[in-house]
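Worksheet: one structure, shown below.
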Amino acid sequence: NPCFCILRVVKFRRTGESSRSDEDVISGEHEIQIEGVQTELEPIELEDGAAVPKEFANPTDDTFMVEDAVEAIGFGKFQWKLSVITGLAWANAMEMMILSILAPQLHCEWRLPSWQVALLTSVVFVGMMSSSTLWGNISDQYGRKTGLKISVLWTLYYGILSGFAPVYTWILVLRGLVGFGIGGVPQSVTLYAEFLPMKARAKCILLIEVFWAIGTVFEVLLAVLVMPTLGWRWLLILSALPLLLFAVLCFWLPESARYDVLSGNQEKAIATLKRIATENGAPMPLGKLIISRQEDRGKMKDLFTPHFRWTTLLLWFIWFSNAFSYYGLVLLTTEFFQAGDVCSISSRRKEVKAKCSLTCEYLTEEDYTDLLWTTLSEFPGVLVTLWIIDRIGRKKTMALSFFVFSFCSLLLFLCVGRNVLTVLLFIARAFISGGFQAAYVYTPEVYPTATRALGLGTCSGMARVGALITPFIAQVMLESSVYLTLVVYSGCCLLAAVASCFLPIETKGRGLQESSHREWGQEMVGRGSHSPGVTRSNSGSQE
């Protein structure tokens, strides 16, 4: 009687690429007998956070996709370097935070009326709004690295030039051009996400957002040191240093292997994957890399196909609500702190309105301290989001963030004291910033490589629309009714929480889709448990 033994092999499945069902496999229909050896195809489920074991790097097929390679190579030295470099791009928050410092300084130095001071902030958001979709299109058409390099060098050039602006008109134009460049910086998340294995993607993108908070804190500290001695011109020049460092290191960045595959550049994609495998000390998958060339990349119509139409529209509203509420809270925080409590805000606004618009008030040390403390609230937001996003999923994380912000806004209806007010504002900002970060995780995951940069770019553009509108609520409407203002923010976030729940796709535990011509979703499937005695086999199939 021949002796039969059962060998377990790892099986990869790509959703939508095979009509064979798991039930067929389980029923034994595809079992293979080879010279007394019974090979049973059985899925192996990896533990949470575990990379594909090196000995199982594509063991059962002679072809593989970029997704397989990224999972097999795992997270290592290359991704650590990429994290730091991408973080430097996100430190461009300094260019945003500087608006809070530059506006009152120019108001005093150049005797600008209030509307001209407000225009300095608005023109940056106009630049970002008008360019976000363009940078996304460039990144999808010509490569993530290309779009990112151009946008960073653009921002760096006009950021430094801003320090030499002789008159108000010049600085208005130059800051608008800076905003145009900043609109492309979020594409660093697109490039970054495409190099990350599935289990590490959410955590890494969230931790990159820490650099945004670090950038804002560093800007405040830099202002404390530079403004009293060197003035605002040097502050503008020195604030561009992180982008200068990123521009130099950007030449080390490889192009996304996913983009290279989609553009038909197989040799370049393989070279990039080999480079990552070498740096991480991991083996390359066996076999030939599958190319899925797609010429029509970065097309707006692809965002509105039947499969993505609702996702796009809901995400636009979610991003709009995020920026609308986030920047609105930043503006309201200053008003509430200066008034002492919510109930005193209306009387204070009338007093301020009665003053001459040229009344000059420089920022004091106490003002810088308040800016610093409110900015620090974003760190707890990162930690909370980091803890829940892989537990409850992306959609529920965004919904929870919006709901907590909405609840805190309603609590501000009470005439609470300064201490309770500070706590409520701290919690609200922590959660709305966490919701923003969750959106940055979800958006690159839900769109295919062919439209990923464009999808992120259009969402970022909608966020800038929210940022443009919010001053009319947080400042103009506040003069009429503080309660109506709070209702608008609370209601908007409540609707955004519902929109988050209605998103058609949950991306938790899913791979990144390569081509928009395929069904959404690639994933590693498994139900069995990984046992120590697993034997590698060269026979098998890929579903």
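Figures for the structure shown
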{"item": "Only listed residue being under 30 Å from Val126 (Cβ atoms), part of a helix (DSSP H, G or I), more than 22 Å from the chain's Cα centre (by Cα) and not charged (D, E, K, R), chosen from Ile101, Ile85", "result": "Ile101"}
{"item": "Test for Pro444: is it within 30 Å of Asp260 (Cβ to Cβ), open to solvent by 60 Å² or more (accessible area, probe 1.4 Å) and either of a type in the set (Ser, Thr, Tyr) or touching a residue at least 60 places away in the same chain (Cβ under 8 Å) (or both)", "result": "no"}
{"item": "Verdict on Met129 being among the hydrophobic types (A, V, I, L, M, F, W, C), in the same structural domain as Asn280 (by the TED database) and within 26 Å of Leu468 (Cα to Cα)", "result": "yes"}
{"item": "Lone unmet requirement of (1) aliphatic (A, V, I, L, M); (2) surrounded by fewer than 18 Cβ atoms within 10 Å (Cβ to Cβ); (3) under 30 Å from Leu253 (Cα atoms) for Val173", "result": "(3)"}
{"item": "Subset of region 402-412 that is touching a residue at least 60 places away in the same chain (Cβ under 8 Å), open to solvent by less than 70 Å² (accessible area, probe 1.4 Å) and not aliphatic (A, V, I, L, M) - its residue that is farthest from Phe436 (Cα to Cα)", "result": "Ser409"}
{"item": "Test: Ile392 is open to solvent by 50 Å² or more (accessible area, probe 1.4 Å) and modelled with pLDDT of 80 or more", "result": "yes"}
{"item": "Inter-residue pairs, beta-carbon under 8 Å, first assigned by the TED database to the domain that holds Phe125 and over 18 Å from Leu119 (Cβ atoms) and in region 466-486, second acidic (Asp, Glu) and surrounded by 21 or more Cβ atoms within 10 Å (Cβ to Cβ), 6+ apart", "result": "none"}
{"item": "Candidates Ala474, Ala438, Ala450, Ala428, filtered to the one that is in a loop (DSSP other than H, G, I, E, B) and either at negative phi or not small (Gly, Ala, Ser) (or both)", "result": "Ala450"}
{"item": "Hey, Leu106 assigned to a helix (DSSP H, G or I), open to solvent by less than 40 Å² (accessible area, probe 1.4 Å), farther than 29 Å from Pro444 by Cβ and in contact (Cβ under 8 Å) with a residue 60 or more places away in the chain or not", "result": "yes"}
{"item": "Selection from region 144-170 of residues that are open to solvent by less than 10 Å² (accessible area, probe 1.4 Å), part of a loop (DSSP other than H, G, I, E, B) and either among the hydrophobic types (A, V, I, L, M, F, W, C) or free of Cβ contacts under 8 Å to residues at least 60 places away in the same chain (or both)", "result": "Ala165"}
{"item": "Checklist (1) surrounded by fewer than 24 Cβ atoms within 10 Å (Cβ to Cβ); (2) more than 30 Å from Ala269 (Cα to Cα) applied to Thr458, failing item", "result": "(2)"}
{"item": "Test: residue in region 85-96 that is open to solvent by 30 Å² or more (accessible area, probe 1.4 Å) and over 22 Å from Glu194 (Cβ atoms)", "result": "no"}
{"item": "Residue check, Phe413 over 30 Å from Pro197 (Cα atoms) and either under 20 Å from the mean Cα position of the chain (by Cα) or not in a helix (DSSP H, G or I) (or both)", "result": "yes"}
{"item": "Flag if Gly184 is outside any helix (DSSP H, G or I) and surrounded by 17 or more Cβ atoms within 10 Å (Cβ to Cβ)", "result": "yes"}
{"item": "Selection from region 437-481 of residues that are of a type in the set (Phe, Trp, Tyr) and farther than 27 Å from Pro504 by Cβ", "result": "Phe472"}
{"item": "In region 214-231, the residues that are assigned to a helix (DSSP H, G or I) and either small (Gly, Ala, Ser) or surrounded by fewer than 18 Cβ atoms within 10 Å (Cβ to Cβ) (or both)", "result": "Gly215, Leu221, Ala223, Val224, Leu225"}
{"item": "Residue list for region 72-109, restricted to those being at pLDDT 85 or above and charged (D, E, K, R)", "result": "Lys77, Lys81"}
{"item": "Search result, residues across region 246-265 that are among the β-branched types (Val, Ile, Thr) and closer than 19 Å to Pro444 by Cα", "result": "Val261"}
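The values are calculated or read from the model by the stated rules, or taken from the named source; none is laboratory data. Just so it is clear, the structure is predicted and the values come from calculations on it, not from any experiment. So basically every Cβ, Gly included, is an ideal-geometry build from the backbone, and we count neighbours across all protein chains shown. Protein only, heavy atoms only, side chains kept; ligands, DNA and RNA dropped before computing areas. Shrake-Rupley method; radii C 1.70, N 1.55, O 1.52, S 1.80 Å.
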